[in-house]
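The values are calculated or read from the model by the stated rules, or taken from the named source; none is laboratory data. Small disclaimer: the values here were computed from a predicted structure and weren't measured. Cβ sites come from the backbone with ideal geometry, for glycine too, and all protein chains shown count toward neighbours.
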Protein chains: 2
Amino acid sequence: MNQIETIKRPTLHEELVDRLRNLVVEDQLKPGEKVPEKELCESFGVSRTPLREALKVLASEGFVVLQANRGARVAEVTRKELENAFPVIARLEQLAGEMACEFLDDAGIAAIQTRHDEMVAAYKARDRQAYFLANQDIHQALIRGADNEILEAHHRLLAARVRRARFMANLSDERWAQAIEEHEGMMERLHARDAEGLGNLMKQHMMGKYAAHIKAMDAEAD
Amino acid sequence: MNQIETIKRPTLHEELVDRLRNLVVEDQLKPGEKVPEKELCESFGVSRTPLREALKVLASEGFVVLQANRGARVAEVTRKELENAFPVIARLEQLAGEMACEFLDDAGIAAIQTRHDEMVAAYKARDRQAYFLANQDIHQALIRGADNEILEAHHRLLAARVRRARFMANLSDERWAQAIEEHEGMMERLHARDAEGLGNLMKQHMMGKYAAHIKAMDAEAD
DNA sequence: AAACGTAATTATGAATTCATAATTCAGTCA
DNA sequence: TGACTGAATTATGAATTCATAATTACGTTT
């Protein structure tokens, strides 16, 4: 028997959690904006019940803020949030790097290398969009390689939160070059299965990204 | 003007999230059990809407599992979950230890020392309950000391999840003694504001707890 | 005009209702 | 007796309704 087509997600609220989170992360719903319950219900064709269930989940994830009797607003991306989130993400990546060295098989490493090469090509072509996507895939693959669902879940949430700061737009040439170099180093360590080395590099890589973020924010705020 | 009494939590679902999570963590609702929606509604005196909202949040936190059209069950505490959670908690504690050295003031450190002394007294008196509570306070204070809400939130969730494994019941004498020694070392580093040292010790302390957990589980499963 | 007060409107939290999926239970047949 | 069938019952997901809080609109007063 052929592969049966995947069952569409069974419950509305699960689907809505992902859809709404995407709207927030993709900046379709802007920080500080009130979440337009009515419009969203209409555009998704659902009643308020599942939508509100989804909002409760999103609030617990930190993407929206609930105010009693005043509905939900899209959470702001504050400097403090980035200050808090990045060190945590960096440690999660460090752990992931260490574990990935242990658990990834050669094929898995090869797949990451391929994507890495594509990322470098995108860098050389100055294709920010392609770079961003390849970069995201690489980090995701390394996290997945740790074979730790809890680590993955917490990382995914935090990564989504900081992604809202949309840093790529004003990524400086220096930082971009530095990031590429860091990634080269990471690939070396991964091939050598140097767990501690890869972990440290991934942590440093993330803190470097953080520093660049802060610098860009400060420059923007002049 | 005197302190006005605190406003009782405004929304039912927020209150319910905490209450239900407690029922799960305190083992009043047993792993694998179906969550008795009806009974809970009656005993809390609320309708199904806010209770179900709370269940959605609890599902996203990993305390219950939702099955489409078959309601919610209390999540099992699997060995894999502990294997996944502990390394992550350990890294979060490491980070917290480092930051706490930076951000805690002398009064904060003194308060932790006091609680530490009480914990040691409980140990000498073989009072598991008092030990457990003091221990929990100390770890929480160190996490708080990091002054990082995101770190704190993620740690709190994971700590609650592993707490369900209720390890204290069969804490061995050797492990208990070792834990006390590790805590003594932590206090030394904290007073010295040795960030890296405290971080490493806290990580190791958590991994030691993890190892003892696993050992106890294996012994139990024979 | 600007500031205030009040009525009308809207939005929100929660209860209730409704359609349907899952489960239970009685009856049938081997 | 024990496995199967199908109706009755119950539980579940989602829509709808309802009471009330918040917001807006509109006069009134200075």
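Taken over the stretch A:133-143, the criterion of being crowded, with 18+ Cβ neighbours inside 10 Å and under 25 Å from A:Ala75 (Cβ atoms) is satisfied by A:Asn135, A:His139, A:Ile143.
Considering (1) under 19 Å from the mean Cα position of the chain (by Cα); (2) crowded, with 18+ Cβ neighbours inside 10 Å; (3) in contact (Cβ under 8 Å) with a residue 40 or more places away in the chain, say which one B:Arg128 fails and leave the rest. It is condition (2) that B:Arg128 fails. For the stretch A:23-121, the helices (runs of 4 or more DSSP H) that sit wholly inside it and include 1 or more residues that are more than 16 Å from DNA strand C (Cβ to nearest atom) and over 21 Å from B:Leu55 (Cβ atoms) are A:79-103. The set of residues in the stretch B:15-69 that are away from DNA strand D (no atom under 11 Å from the Cβ), loosely packed, with under 13 Cβ neighbours inside 10 Å and among the hydroxyl-bearing types (Ser, Thr, Tyr) contains only B:Ser43. If you check A:Ala72, A:Ala85, which single one turns out to be crowded, with 20+ Cβ neighbours inside 10 Å, modelled with pLDDT of 95 or more, within 22 Å of the chain's Cα centre (by Cα) and not polar (S, T, N, Q)? Going through A:Ala72, A:Ala85 in turn, the sole match is A:Ala85.
The requirement of being over 21 Å from B:Tyr210 (Cβ atoms), surrounded by 17 or more Cβ atoms within 10 Å (Cβ to Cβ), modelled with pLDDT of 95 or more and hydrophobic (A, V, I, L, M, F, W, C) is not satisfied by B:Ala90.
Within the option set A:Ala110, A:Ala146, being surrounded by fewer than 19 Cβ atoms within 10 Å (Cβ to Cβ) and either touching a Leu at 6+ places or on another chain (Cβ under 8 Å) or of a type outside the set (Ser, Thr, Tyr) (or both) holds for one residue only, A:Ala110.
Kindly indicate the residue of the stretch A:113-125 that is farther than 15 Å from A:Ala192 by Cα and in contact (Cβ under 8 Å) with a residue 12 or more places away in the chain and also surrounded by the most Cβ atoms within 10 Å (Cβ to Cβ) among those meeting that condition. Out of the qualifying residues, it is A:Met119.
Test A:Gln67 against the criterion of being in contact with a Lys or Arg (Cβ under 6 Å, 6 or more places away or on another chain) and within 13 Å of another protein chain (Cβ to nearest Cβ), and give yes or no. Judged against the criteria, A:Gln67 is not a match.
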